[in-house]
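This report refers to the structure that appears directly beneath it.
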Amino acid sequence: MRILIGLVAAMLATSASAEKRVVTADRYLDVATGRYVEHPAIFIGDDGRITNIADARLVKWSADVRHIDMSGKTLFPGLIDMHVHLDGPADIGGYRGLEFTDSFFAMTAVGNARAMLDAGFTTVRNVGSGNRNDIGLKQAIDNGYAIGPRIVPAGYALGATGGHCDSTFLPPSLEKDRKEEGIGDGPEELRHQVRRQRKFGAEVIKICATGGVFSRNTEPGQQQLSEIEMRAIADEAHQWGIRVAAHAHGADGIKAAIRAGIDTIEHASLVDAEGIRLAVQRKQPVWFSMDIYNTEYTQAEGKKNGTLEDNLRKDREIAQAQRDNFRAANRAGVRMVFGSDAGVMPHGQVGRQFATMVTYGMTPLEAIQAATRNAAQALGRERDVGAIAVGRYGDLVAVAGDPLQNVRLLETPAAVIKGGTLIERTR
């Protein structure tokens, strides 16, 4: 046995000499099994992907391998937030957005992306932005002009005229003569919008199936796209190899979206027992992304930020129902992912949602899996993110302690590593 261990160590040391970085820690969480792996040495190549995972007590590496020492820390995979708006400053609500020029919101997205990375979220799905700010920011990050998470962008969200994804705050005299980007009425117009968003860089399609909380002249329970329209969107997107996320608060809209083949249901606030049953039983996986923390912020700070009272009313009315339905959906076996709706709340605070998920029925492991393993599956990117495994990106988050015992440790990561690079902290 000693000879075998020595041979393995020698082989690992030889292979390690070709690597560029190695991360060591007390342990890491294998999110597939829910178990800790002690004394890891995680080797990461030039392309930012994990090339080898060894026992740090049995392997040595050459001097040209950069060592990132996380002694005393627990590692887990870089977190994934499936519902963010990077170009949405949380402290600007209602009509206050009209105080700023159009490009202002793209500028704020740079800082918001950095705040999410510092919070441990190395991948985010941006479900709708103005002026395709999410696509531009992704390109800037990927090409080294900005620092932030990996972004899965949607471009413009799709919806019906006068619906949640349309502009509903201005009078007719100030509206443009043509439809807003992303707005379509009928299956063929919406198919065109799917093609148009993909053409200009969208990697996910976001639709508004129901009314919303922070739009004007819509109610969260209202269905605003027909099942036929949603099916056309889903069929078109799937033909192009991309997935669809549906903003859906109301029970009827949720059920129509599930039947239409939509991949993720965002908010799912007023889902009923039938909707939960449909989600559990659908052969093609469907995932719920329920933002059950942010009402703490919106109710405390919304009025000061300029949010209209009617929007705060809607927020109050659905908040507890959404949390209760989160518990019911999770208990019934609905597939769940982590989605914060960052932009409604400050981007750097999204880690606070983990504790709320645990309060409403998840174990700490289930909450972490929602933001890692499950999210990667829902994105269709299991080869890239969502686990500490050979072949995946070296995206790691370190905490001082055991998040399976105290999930609030996720609110203040000790360190964040993206693609094998230790992110210098800004806070």
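A single member of Ala378, Ala389, Ala371 is at pLDDT 95 or above, more than 18 Å from the chain's Cα centre (by Cα) and aliphatic (A, V, I, L, M), and it is Ala389.
Conditions tested, residue by residue: (1) open to solvent by 60 Å² or more (accessible area, probe 1.4 Å); (2) assigned to a loop (DSSP other than H, G, I, E, B); (3) in contact with a Cys (Cβ under 8 Å, 6 or more places away or on another chain); (4) farther than 28 Å from Asn325 by Cα.
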position	(1), (2), (3), (4)
Ser167	no, yes, no, yes
Gly201	no, yes, no, yes
Phe214	yes, yes, no, no
Ala257	no, no, no, no
Ile265	no, no, no, no
Ser269	no, yes, no, no
Gly275	no, no, no, no
Lys283	yes, yes, no, no
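Please state which one of Val358, Val390, Val344, Val416 is on the phi < 0 side of the Ramachandran plot and in contact with a His (Cβ under 8 Å, 6 or more places away or on another chain). Working first, answer last.
Numbers: Val358 fails: in contact with a His (Cβ under 8 Å, 6 or more places away or on another chain); Val390 fails: in contact with a His (Cβ under 8 Å, 6 or more places away or on another chain); Val416 fails: in contact with a His (Cβ under 8 Å, 6 or more places away or on another chain).
Only one candidate passes the filter, namely Val344.
Of all residues in the stretch 221-254, those that are within 16 Å of Gly275 (Cβ to Cβ) and in contact with a Leu (Cβ under 7 Å, 6 or more places away or on another chain) total 4.
The set of residues in the stretch 298-337 being in contact (Cβ under 8 Å) with a residue 60 or more places away in the chain and touching a strand residue (DSSP E or B) at 6+ places or on another chain (Cβ under 6 Å) consists of Ala329, Val337. Contact map, the stretch 399-427: residues that are in contact (Cβ under 8 Å) with a residue 12 or more places away in the chain and among the charged types (D, E, K, R) paired with residues that are in a loop (DSSP other than H, G, I, E, B) and crowded, with 16+ Cβ neighbours inside 10 Å, Cβ distance under 6 Å, separation 6+ or inter-chain. Pairs shown: Lys418/Asp395.
For every residue, the table says whether it meets (1) among the β-branched types (Val, Ile, Thr); (2) more than 22 Å from Arg408 (Cβ to Cβ).
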site: His67; (1), (2): no, yes
site: Gly78; (1), (2): no, no
site: Val84; (1), (2): yes, no
site: Arg96; (1), (2): no, yes
site: Ala106; (1), (2): no, yes
site: Asp118; (1), (2): no, no
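In the stretch 222-229 there is no residue matching the filter, namely being of a type outside the set (A, V, I, L, M), in contact with a Lys or Arg (Cβ under 9 Å, 6 or more places away or on another chain) and open to solvent by less than 10 Å² (accessible area, probe 1.4 Å). When you look at Asp291, is it open to solvent by 10 Å² or more (accessible area, probe 1.4 Å), among the acidic types (Asp, Glu) and in contact with a Ser or Thr (Cβ under 8 Å, 6 or more places away or on another chain), yes or no? Criteria met by Asp291. When Ala234 is tested against (1) open to solvent by 20 Å² or more (accessible area, probe 1.4 Å); (2) without any contact (Cβ under 8 Å) to a residue 40 or more places away in the chain, just one condition goes unmet, and that condition is (1). Whether a residue is more than 15 Å from Glu266 (Cα to Cα), open to solvent by 70 Å² or more (accessible area, probe 1.4 Å), modelled with pLDDT of 95 or more and assigned to a helix (DSSP H, G or I) was assessed, and Arg313 does not pass this test.
Whether a residue is of a type in the set (D, E, K, R) and modelled with pLDDT of 95 or more was assessed, and Asp102 does not pass this test.
Results for (1) open to solvent by less than 30 Å² (accessible area, probe 1.4 Å); (2) within 18 Å of the chain's Cα centre (by Cα); (3) not hydroxyl-bearing (Ser, Thr, Tyr), shown as yes or no for each residue.
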position	(1), (2), (3)
Phe326	yes, yes, yes
Gln353	yes, yes, yes
Leu365	no, yes, yes
Asp384	no, yes, yes
Pro403	yes, no, yes
Ile423	yes, no, yes
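If the condition is being surrounded by fewer than 22 Cβ atoms within 10 Å (Cβ to Cβ) and either out of contact with any helix residue (DSSP H, G or I) (no Cβ under 7 Å at 6 or more places or on another chain) or closer than 19 Å to Pro220 by Cα (or both), then the stretch 331-343 contributes only Arg331.
Quick check: anything in the stretch 87-104 among the aliphatic types (A, V, I, L, M) and closer than 29 Å to Glu382 by Cβ? No, that holds for no residue. When the residues of the stretch 92-133 are filtered to those that are part of a loop (DSSP other than H, G, I, E, B) and over 20 Å from Phe338 (Cα atoms), the one that is least open to solvent (accessible area, probe 1.4 Å) is Gly93. When you scan the stretch 37-50, do you find a residue that is surrounded by 22 or more Cβ atoms within 10 Å (Cβ to Cβ) and assigned to a loop (DSSP other than H, G, I, E, B), even just one? No, the stretch 37-50 contains no residue that is surrounded by 22 or more Cβ atoms within 10 Å (Cβ to Cβ) and assigned to a loop (DSSP other than H, G, I, E, B).
Here Pro346 qualifies as open to solvent by 20 Å² or more (accessible area, probe 1.4 Å) and within 22 Å of Asp118 (Cα to Cα). Going through (1) outside any loop (DSSP other than H, G, I, E, B); (2) buried (at least 21 other Cβ atoms within 10 Å of the Cβ); (3) of a type in the set (A, V, I, L, M) one by one, Ala300 falls short only on (2). In the stretch 23-36, the qualifying residues are those that are of a type outside the set (Val, Ile, Thr) and over 20 Å from Asp384 (Cα atoms), and the one that is surrounded by the most Cβ atoms within 10 Å (Cβ to Cβ) is Ala25.
For the stretch 81-91, residues that are touching a Leu at 6+ places or on another chain (Cβ under 7 Å) and open to solvent by 20 Å² or more (accessible area, probe 1.4 Å) total 0.
The values are calculated or read from the model by the stated rules, or taken from the named source; none is laboratory data. Since the model is a prediction, treat every value here as computed from it, not as a measurement. In this analysis, Cβ positions are derived from the backbone assuming ideal geometry, glycine residues included, and neighbour counts consider all displayed protein chains. Heavy atoms of the whole protein, side chains included, go into the accessibility calculation; ligands, DNA and RNA do not. Shrake-Rupley method; radii C 1.70, N 1.55, O 1.52, S 1.80 Å.
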